[in-house]
Amino acid sequence: MVEATPALAGAVAQKKALPVEKKPSFRAVLKQHWMMYVMLIPAALCLALFHYYPLWGISIAFVKFNPVTGMKGSPFVGFQNFEVFFGSRYAWPIIRNTITIAVGKIFFGQLTAILFALLLNEVRNRIFKRTIQTITTLPNFLSWVLIGGIMSQILARAGLVNVFLTKVFRIQAIPFLGKASIFPWTMIFTDVWKGFGWGAVIYLAALTNISPELYEAAAVDGAGRFARLLHITLPGISSTIVLMSCLALGGILNAGFEQILVLYNPMVYSTGDIIDTYVFRVGLVGSGGMPDFSLGTAVGLFKSVIGFFLIMLSYWLADKFANYRIF
């Protein structure tokens with residue numbers, strides 16, 4: 001046992017004698033930072049008005065909603081709308097299509113963005129590099145309504161792509177938007193084309209954090225460009241790759257509503273119809289001109305609940321494997 005020296009005893013006594021700092025009261029904080037709280041009022045009102053107030057509409061999923069009589073005049077049916085959806089022949093194909101298209105977009109989108117960032121990082125001409133980056137990033141800011149119209153013309157049987165394939169490779173025209181087996185791949189690769197330039201921005205930023213001294217030391221040791229890429233560049237951005245992949249998991253049920261709504265047709269419903277387009281068609285358009293608000297709300301609520309748990313899972317995975325936390 002170590003004896004307490006006079007110096008140690010004096011330090012302990014001085015520490016005990018120090019006054020305990022009191023936590024300021026809310027009134028004192030409000031008085032000091034009232035301007036910041038005033039600035040929060042518009043954002044809080046928008047959040048309450050457009051995010052929390054509409055949540056009452058969830059109750060439509062548990063009634064047979066009648067727009068004429070309103071919620072009070074609509075009979076309560078419990079989980080009947082969910083049973084109707086899961087008992088129909090559309091439920092599992094729609095869920096399968098959603099997951100298939102979403103996973104394909106995430107996988108090929110991440111892979112293409114990483115490869116493009118690695119290639120662009122090797123370009124030494126700054127003007128050429130910025131020009132290419134601007135051109136490839138621009139499609140991300142264009143609406144799918146505009147791009148969908150262009151794609152419909154380019155991918156048509158008499159479109160630019162099929163004319164090229166027919167004349168150069170002597171193959172028959174491919175119905176990119178009219179064949180069920182091809183349509184999901186068309187959605188995946190058109191989405192990758194639209195977003196890979198924007199996705200590469202994050203990886204280019206991560207590449208700038210790698211110390212140039214590592215490349216210089218590797219070059220002195222005789223490492224070639226591929227060896228430096230394999231042992232320095234990829235490990236340097238591995239945490240970013242894991243982080244983006246984990247966060248993408250939260251949006252796995254978002255297969256691209258605008259894109260598919262613009263480009264799909266009844267011929268490809270078997271492989272192209274996803275949860276969002278089904279909700280739109282059933283809940284707002286309806287069959288025979290009679291929309292089913294209750295069924296559409298039930299399917300949308302199902303997607304939201306699953307999406308919530310997927311987002312929580314993605315944040316947990318990001319914290320576990322990439323040391324990333326937002327709360």
**Study point:** Of the criteria (1) closer than 27 Å to Phe309 by Cα; (2) at pLDDT 85 or above, which one Ile232 fails
**Key:** (1)
Practice item. Sort through Leu284, Leu310, Leu247 and tell me the only one that's on the phi < 0 side of the Ramachandran plot and touching a Pro at 6+ places or on another chain (Cβ under 6 Å). Key: Leu284
**Study point:** Flag if Leu142 is of a type outside the set (Gly, Ala, Ser) and loosely packed, with under 15 Cβ neighbours inside 10 Å
**Key:** yes
Exercise for review: Quick one: in the range 253-273, of everything that is under 19 Å from Phe108 (Cα atoms) and over 15 Å from the mean Cα position of the chain (by Cα), which residue is surrounded by the fewest Cβ atoms within 10 Å (Cβ to Cβ)?
Suggested key: Thr271
Review point. Are there any pairs with C-beta distances below 8 angstrom linking a residue in the range 39-61 that is in contact (Cβ under 8 Å) with a residue 60 or more places away in the chain to a residue that is among the aromatic types (Phe, Trp, Tyr), with the two at least 6 apart or on different chains, and if so which?
Key: Ile60/Phe293; Ala61/Phe82
Exercise for review: Go through (1) at pLDDT 85 or above; (2) within 24 Å of the chain's Cα centre (by Cα) and name the single condition Gly250 misses.
Suggested key: (1)
Point to revise | Output for the range 173-201, where each listed residue is surrounded by fewer than 18 Cβ atoms within 10 Å (Cβ to Cβ), β-branched (Val, Ile, Thr) and under 20 Å from Ile147 (Cα atoms) | key: Ile174, Ile182
Check your understanding: What residue, of Ala200, Ala218, Ala227, is under 30 Å from Arg124 (Cα atoms) and without any contact (Cβ under 8 Å) to a residue 12 or more places away in the chain?
Key -> Ala227
Study note, to complete from the structure: In the set Gly307, Gly286, the lone residue that is free of Cβ contacts under 8 Å to residues at least 12 places away in the same chain, surrounded by fewer than 17 Cβ atoms within 10 Å (Cβ to Cβ) and not basic (Lys, Arg) is Gly286
**Study point:** Qualifying residues in the range 215-234 (those that are among the small types (Gly, Ala, Ser) and part of a helix (DSSP H, G or I)) - the one nearest to the chain's Cα centre (by Cα)
**Key:** Ala227
Check your understanding: So, of the residues in the range 202-214 that are assigned to a helix (DSSP H, G or I) and surrounded by 15 or more Cβ atoms within 10 Å (Cβ to Cβ), which turns out to be farthest from the chain's Cα centre (by Cα)?
Key -> Leu214
Exercise for review: Kindly check whether there is at least one residue in the range 104-120 that is touching a residue at least 12 places away in the same chain (Cβ under 8 Å), among the hydrophobic types (A, V, I, L, M, F, W, C) and over 30 Å from Ile237 (Cα atoms).
Suggested key: no
Check your understanding: Is it the case that some residue within the range 226-241 is surrounded by fewer than 19 Cβ atoms within 10 Å (Cβ to Cβ) and among the polar types (S, T, N, Q)?
Key -> yes
Exercise for review: With the checklist (1) over 28 Å from Ala227 (Cβ atoms); (2) in contact (Cβ under 8 Å) with a residue 24 or more places away in the chain; (3) within 29 Å of the chain's Cα centre (by Cα) in hand, flag the one item Phe65 doesn't pass.
Suggested key: (3)
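The values are calculated or read from the model by the stated rules, or taken from the named source; none is laboratory data. Please read these numbers as outputs of a predicted model, since none were measured by experiment. Every residue, glycine among them, receives a Cβ derived from its backbone with ideal geometry; neighbour counts consider all protein chains shown.
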